[in-house]
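Let me begin by presenting the structure, written as structure tokens, before commenting on it.
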Amino acid sequence: MIIVLVGAPGAGKGTQAGRLVETYGMVHLSSGDLLRDERKRGTDLGKLADRYITAGTLVPDDVVIKMILGKMRELNASDVILDGFPRTVAQAEALDLALAAEGQKIDAVPYIMVKPATLLDRLGGRLTCRADGSHLYNAKYNPPAVAGICDIDGSPLYQREDDLPDKIKTRLDTYFAQTMPVIEYYRAKGLLREINGEQDIEQVWYDLLLAIGKQSEDPGLLVG
Ligand SMILES: [Zn+2]
């Protein structure tokens, strides 16, 4: 199955994607990571992307889509989480066409919904590991065992410039302005699965599994 996981910065998308990878062996394809990886490895697509980035323009949709489909083929991945793409309706349409050409389709679009006020609160306290940007903490909700130090590798934690209060609001405004049309696109296709991201992590996880058919309704497993 192919899912597009949608959620604003701070919605907990990364945590939930990580669990899907660990629990179900799904392949997590983040367009940002893919792009960095192709450029680092100096592949043809990576070099092509470099040219656009050097010229200060966006990497065209078809290049990103080629990277995604190429990676899926390379890994022979049948259970895929797309993250960070598509960001626009044009990209969503192009992705649908490219997948259809390979006899594939998007099966579900789980959207982890969190109110902007909550996101502001969460992101405002976010701390990132200097050694590995995927090691994230929150001063209030998920503090490290030792203040200012990563639990996993002992590296110092810092507040990314993006996570400074004045930057967060702009970032969220941009995110919602860009993403709402994509959400409506998938809603119209009957693929959108709205999940209440204000709940605790376990309940979000349970709802996510229900949304993508990995879990059948079992009241015994409901938290709280
Ligand atoms: Zn770390």
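How much mean residue ellipticity at 222 nm does the chain get from its helices, if each DSSP H run of length 4 or more adds -39500 (n - 2.57) and you divide by all residues, to the nearest 500 deg cm²/dmol?
Values: 8 runs with 105 residues, N = 224.
Rounded to the nearest 500, the figure is -15000 deg cm²/dmol.
Roughly how many Å is it from the Cα centre of region 26-61 to that of region 149-214, as a whole number?
Result: 23 Å between the Cα centres.
Give me Ile149, Ile81 sorted ascending by neighbouring Cβ count inside 10 Å, so fewest comes first.
On the way: Ile149 16, Ile81 24.
So the residues, fewest neighbours to most, are Ile149, Ile81.
For region 34-135, which GluC sites (Glu not before Pro) are in a loop by DSSP, counting at most 13 other Cβ atoms within 10 Å?
Working: sites: Glu38, Glu74, Glu93, Glu102; in loops: Glu102.
Answer by residue number: Glu102.
Restrict the search to region 128-193; then list the trypsin sites (Lys or Arg not before Pro) that DSSP places in a loop and that have at most 15 other Cβ atoms within 10 Å of their Cβ. Working shown, then result.
Values: sites: Arg130, Lys140, Arg160, Lys167, Lys169, Arg171, Arg187, Lys189, Arg193; in loops: Arg130, Lys140, Arg160, Lys189.
Of the trypsin sites (Lys or Arg not before Pro), the ones in loops of region 128-193 whose Cβ has at most 15 other Cβ atoms within 10 Å are Arg130, Lys140, Arg160, Lys189.
If the limit is 26 Å between Cα atoms, which of Lys40/Lys71; Lys140/Lys169; Lys13/Lys214; Lys40/Lys169; Lys47/Lys189; Lys71/Lys169 go over it? Could the numbers behind the result be given before it?
Working: Lys40/Lys71 15 Å; Lys140/Lys169 19 Å; Lys13/Lys214 17 Å; Lys40/Lys169 32 Å; Lys47/Lys189 35 Å; Lys71/Lys169 34 Å.
Check vs 26 Å cut-off fails for Lys40/Lys169; Lys47/Lys189; Lys71/Lys169.
So which trypsin sites (Lys or Arg not before Pro) in region 20-114 end up in coil per DSSP with only 13 or fewer other C-beta atoms within 10 Å? It would help to have the intermediate numbers written out before the result.
Numbers: sites: Arg36, Arg39, Lys40, Arg41, Lys47, Arg51, Lys66, Lys71, Arg73, Arg87, Lys105; in loops: Arg87, Lys105.
Of the trypsin sites (Lys or Arg not before Pro), the ones in loops of region 20-114 whose Cβ has at most 13 other Cβ atoms within 10 Å are Lys105.
Throughout, read-outs are computed from the coordinates displayed, never taken from laboratory work. Keep in mind that this is a model prediction, so the values were computed, not measured. So basically every Cβ, Gly included, is an ideal-geometry build from the backbone, and we count neighbours across all protein chains shown.
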